[in-house]
Amino acid sequence: MKICMATNTYLPHVGGVARSVNQFTEDLRSLGHEVLVLAPHFEGDWVEERAGVLRLPAIQNFNGSDFSVHIPLPFLIENEIDYFSPDIVHSHHPFLLGNTALRIARKKNLPLVFTHHTLYEQYTHYVPLDSDALRKFVISLATLYANFCNRVIAPSQSIARLIQSRGVQRPVKEIPTGVDIDFFAGGSKTRFRKEHRLPEKGLIIGHLGRLAPEKNLNFLCRAVITYLRRNSNAFFLVVGEGPGQESISRLSEESGVFDRVLLVGKKTGQELCDAYQAMDLFVFASKSETQGMVLTEAMAAGKPVIALDASGTREVVTDNHNGRLLSGDASPEAFAEAIAEFAEDARKAKHWQDNALQTATLFSRRSSARKLEALYKEILDEQLRSTKGRHAEVTPLNALIARIKTEWDILSQKTEAAADAFQTEKKSKG
């Protein structure tokens, strides 16, 4: 198969969607398929550009975020798509390059798959005039877009149920992004702790991910600081980059534990594995996830997780089995108490560690890639059966009509979403 992936975030951007797209791309290629990734250009230390990636001009660091927003230049894409000649198009966003994916699929009469990676309403703070109406708008936009597609992929059961409750009528398939168990089990605790001057026998509480407002980092930092004040031999290791770095530093300095909060920046490859291995416990407070990729990675490294109950998290963390899954409205003090529970009960800690490793095996990369491959084949078989015996001539007029209809559908999608949001805002003010 030839698969065209369209994504608004890709390497070297650090984030769940970028990593998911890259991982599935690698795994599908290893299964013998060809993949072309359409992605915006990102600034960064990414030296090696990989074959099969078409980079598009983009506005960098949109509205103070670490995202790039691509500049629509259709003529740059069309020749590459014609040359690649995909069998199926897979969109990873409902806007920007998601619209490009829809146009490609309609123009070439190809199936379109959409992965609902993100709870988009949790990210509207990156856009001017953030409001309840804007959040309603992006929910409606994603729902309407999903209903243009042949299939919708949800990274977790929670998200599958949520988007169906919001009005997604297309068939939804749950396919999580897999974890490379052997890779994350292969890090060196000693090497990382020595390099970063962490005590070999100290308790290292770890967090890894993009340090952004939607990750609920202030809550997490307050909870861990509460525990650090209780245990002078405990440290907080934070791996990642983003605008949240400043608030973590400020809170730890104000609380007098700055010397035991270590921000080491973004890590990849072997350093990433070593970072996970250096931790004793992984902590997570985000409520904006569709799938907790870092949770399965931490568990593949044998680390139990303490987290707040939320979509994407509850599919991985089972309370008192592989860590603690606290109520979504738990206090920082309750979170700190759960950390103490791990630190002060060696038998319970060992039980959680063993079960964490067992949980990770349920999310293997190969299994997820095979599920995606099977879904593609199912869709292509359906298309073949539905078009059997029908050979409509593709004339310039037919192509023009199809293109006009696509642009009308995209415009209608945005208009309907905006109208829905406006009505919601009007009712709330009335």
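Bear in mind that the values in this text are calculations on the coordinates, not laboratory data. In this text, all values refer to a predicted model and were calculated from it rather than measured experimentally. Neighbour counts are summed over all protein chains in view; Cβ atoms, including those assigned to glycine, are modelled from backbone coordinates with ideal geometry.
Give me HIS90, HIS33, HIS351 ranked fewest to most by other Cβ atoms within 10 Å of their Cβ, as a rough exposure proxy. Let's see the in-between values first.
Values: HIS90 29, HIS33 18, HIS351 15.
Ascending number of Cβ neighbours within 10 Å: HIS351, HIS33, HIS90.
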For the ALA334, ARG161 Cβ pair and Förster radius 25 Å, calculated FRET efficiency rounded to 0.05 is 0.40
Which ³J(HN,Hα) values in Hz, rounded to whole numbers, follow from the phi angles of segment 228-245 under the Karplus curve 6.51 cos²θ - 1.76 cosθ + 1.60, where θ = phi - 60° and Gly and Pro get x? 4, 5, 7, 10, 6, 9, 10, 10, 10, 9, 10, 10, x, 10, x, x, x, 4
Enumerate the calculated ³J(HN,Hα) couplings along segment 251-259 in order (Karplus 6.51 cos²θ - 1.76 cosθ + 1.60, θ = phi - 60°), each rounded to whole Hz, writing x wherever the residue is Gly or Pro. 4, 5, 6, 4, 8, x, 10, 4, 6
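Can you put LYS266, LYS303 in order, fewest other beta carbons within 10 Å first? If you can, show how the numbers build up before the last one.
On the way: LYS266 17, LYS303 27.
Going from least to most buried by this count: LYS266, LYS303.
ARG229 to ASP132: extension gain in nm, 0.36 nm per residue of separation minus the Cα-Cα distance?
On the way: separation 97, 0.36 × 97 = 34.92 nm, distance 3.80 nm.
Full extension of this stretch gives 31.1 nm more.
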How compact is segment 139-290 by the rule of thumb for globular proteins, expressed as Cα Rg over 2.2 N^0.38 Å? 1.27
Could you tell me which of the pairs LYS173/LYS348; LYS189/LYS348; LYS2/LYS215 are separated by over 28 angstrom between their Cα atoms in the structure shown? LYS173/LYS348; LYS2/LYS215
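Based only on other Cβ atoms within 10 Å, what is the fewest-to-most ordering of VAL113, VAL17?
Numbers: VAL113 24, VAL17 21.
The fewest-first ordering by Cβ neighbours comes to VAL17, VAL113.
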Subtracting the Cα-Cα distance of ALA51 and THR387 from 0.36 nm times their residue separation yields 117.7 nm
The simple spin-label model distance between THR361 and SER85, using points 7 Å out along Cα→Cβ, in nm, is 4.5
Under 5 Å between amide hydrogens, which residues at least 5 positions from ILE88 or on another chain qualify, with H placed 1.01 Å from N in the peptide plane? LYS2, CYS4
From the alpha carbon gyration tensor of segment 231-371, can you work out the equivalent ellipsoid semi-axes (sqrt of 5 times each eigenvalue) and give them in Å, largest to smallest? 24, 19, 16
FRET efficiency, 1/(1 + (r/R0)^6) with R0 60 Å, evaluated for GLU78 and ASP345 via beta carbons: 0.45
Other residues with Cβ under 14 Å from the Cβ of ARG347 give, with Lys and Arg +1 and Asp and Glu -1, a net charge of -2
